[in-house]
1. Here's a check for you: in the stretch 104-127, which residue that is exposed (fewer than 13 other Cβ atoms within 10 Å of the Cβ) and at pLDDT below 95 is nearest to residue 156 (Cα to Cα)?
2. Which one of 342, 322, 335 is within 26 Å of residue 210 (Cβ to Cβ) and of a type in the set (Ser, Thr, Tyr)?
3. Pairs under 6 Å by beta carbon, first residue more than 18 Å from residue 183 (Cβ to Cβ) in the stretch 116-133, partner of a type in the set (D, E, K, R), six or more apart or different chains?
4. Can you work out which of the residues in the stretch 389-401 that are open to solvent by less than 10 Å² (accessible area, probe 1.4 Å) and aromatic (Phe, Trp, Tyr) is farthest from residue 318 (Cα to Cα)?
5. Which of the numbered conditions does residue 516 fail, given that it passes all the others? Conditions: (1) more than 20 Å from residue 349 (Cβ to Cβ); (2) surrounded by fewer than 24 Cβ atoms within 10 Å (Cβ to Cβ); (3) hydroxyl-bearing (Ser, Thr, Tyr).
6. For the stretch 145-175, enumerate the residues that are surrounded by fewer than 18 Cβ atoms within 10 Å (Cβ to Cβ) and among the small types (Gly, Ala, Ser).
7. Among the candidates 461, 456, which residue alone is open to solvent by less than 10 Å² (accessible area, probe 1.4 Å) and part of a loop (DSSP other than H, G, I, E, B)?
8. When you check residue 283 against the structure, is it touching a residue at least 40 places away in the same chain (Cβ under 8 Å), more than 18 Å from residue 55 (Cα to Cα) and surrounded by 19 or more Cβ atoms within 10 Å (Cβ to Cβ), yes or no?
Amino acid sequence: MAGGGTCTALWFLFRLVSCQQNMPLPPCDSEIYCTGQLLHHVQTAKLFNDDKHFVDMKLKEHPDVVLSAFQNLSQDWPSNAIPPSTLRDFVGLYFDEPGQEFEPWTPPDWKDNPKLLGRIEDPALAGWAAKLNQLWKSLGRKIRQEVRDHPELYSLIPTPHPLVVPGGRFRELYYWDSYWVVNGLLLSEMTTTARGMIQNLLYLVDTYGFVPNGGRVYYERRSQPPFLTLMVESYYQATQDQAFLRGALPTLDKEYSFWMQNRSLTLHNHTLNRHHVPVGSPRPESYTDDLELAEGLTTDLQKQLLWEELKAGAESGWDFSSRWYRATPPGQTPSLGHTGASQVLPVDLNALLCRNERTLASFHRLLGDPEAAAGYERAAAVRQRAMEALMWDERRGAWFDFSLLANATRTQFHPSNLAPLWAQCFSAPAMAERALVYLQESGALRFPNGVPASLQDSGQQWDYPNAWPPLQHMLIEGLSKLPSVEAKKLAFDLAQNWIRTNWRAFDKYDAMFEKYDVNGDGKPGGGGEYDVQLGFGWTNGVVLQLLDLYGDRLTAGGLSGTTTTSSLPLLLCLLHVTLQ
């Protein structure tokens, strides 16, 4: 691999070519919520602790009235140095607090005692699951008619059906979170609510051509990992509603086309996908963070390229992680400013698309279109070969993200390295056996409270010491699908540890969190751009899925130490916990 300085120059040249080929897009059409001087002045004045607060506020007047008033205000301060107190008064005059978009709503299909509860043997876990089932009521939201009548007054994108939100600062729909939320709702027998969630996402694809990152206009130019096809699969498996499937399928095809036309790249005659958002401006919801990160850059183009990379990292769902850092010059520590997410072909994104392709093939075959089914089956086979050519490391026994800059894989540990097991996207049983050994020898199983997002303590939230619910679920489900007794045992042990972590945190805080610390004793995670959030949609969904899978065996006491494997005696596990 070339030296750090050479890599920096290569990165800039590579991104310059990419920028010329993909002309940057405006962040969205709103001159208040996405771009413009009003946004810039309010956010840089730091009137609120969280930049997301301002862009979630409701306008009291039409945008033209507000922009005209701000223009008049700016003329009183020709140096553009509007005092924060004056800006605060202006915001108070023309904006309402966040949260005005919703009205109280209890999902009408909520059930007090879904069948899942009766399948959980441990009384403590069954009681806990009943409390999690109650949380759906607190996370349910119904959009007020006022938002549909006057969408120009809101940053919220009005979708046609009520929804379940993640929780905390995340007041709106989020794309990939919804997969685990929908699965949890289906286990709670809330099929109408789950169907409405999916219909909202289908509506967004029909409106934008893809599902935005979240349900706000400032997310309109980026997506998240495309789980919509798998949500429809979950719903169909629960309901056998073929009419719904038939109505949804053209929209699923449309979303797949978006990813292939706008997020794919051909390298060495292999086409794979990446995250790429050609919007060269700060994220409105993290405006000052992005401005401050770009302060050391000398040209507008350098800043634009950095902001594009930050958006690509946000589109990945892993915002942010050392996983996306590019190489740095010797002696320089990589940091968030070195994010190069669009220059990586991610294992998990391509594994997900491989699974989507096979799922879409099964849908088309079921509905009587064998030609379309064969096309998707060929696409999955081609992708699998490409992943094995570019990402599979025979010596290490795992798949790794492929760096476009280094023209080589990046061999750091992430749970996503095992995503092809979850997607069942590999050609030989021996690859799964090798991957199991890789995981056992990775060092990632030594922690008592889950598998961390990486083994790198970067301070970013998608790194050590944080463990994330979707990553745990994908890893556990992938291992559980393997024929190996050892793999199935490891899947159960990981599920037991994760249930124990969530249970102890709930017992301590009476709350579910978006992420957890792999150390400690039921400790929520931390790091990143905002405080840990509670609620929490995908966490609840993952727990319910694990209780559904292993409810006859899981216990609230669980394992009292790290995950056991054939190479790790129980005594060492207990000793490790004693020393924590």
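The values are calculated or read from the model by the stated rules, or taken from the named source; none is laboratory data. Note that this is a predicted model, so its numbers are computed, not measured. Using ideal geometry, Cβ is built from the backbone for each residue, glycine included, and neighbour counts are taken over all protein chains shown. Calculation scope for accessible area: heavy atoms of the full protein, side chains included, ligands and nucleic acids excluded. Shrake-Rupley method; radii C 1.70, N 1.55, O 1.52, S 1.80 Å.
1. 104
2. Matching residue, one of 342, 322, 335: 342.
3. 121/552
4. Per the stated criteria, the residue is 399.
5. (2)
6. The one that is surrounded by fewer than 18 Cβ atoms within 10 Å (Cβ to Cβ) and among the small types (Gly, Ala, Ser): 168.
7. Residue meeting the stated conditions: 461.
8. No.
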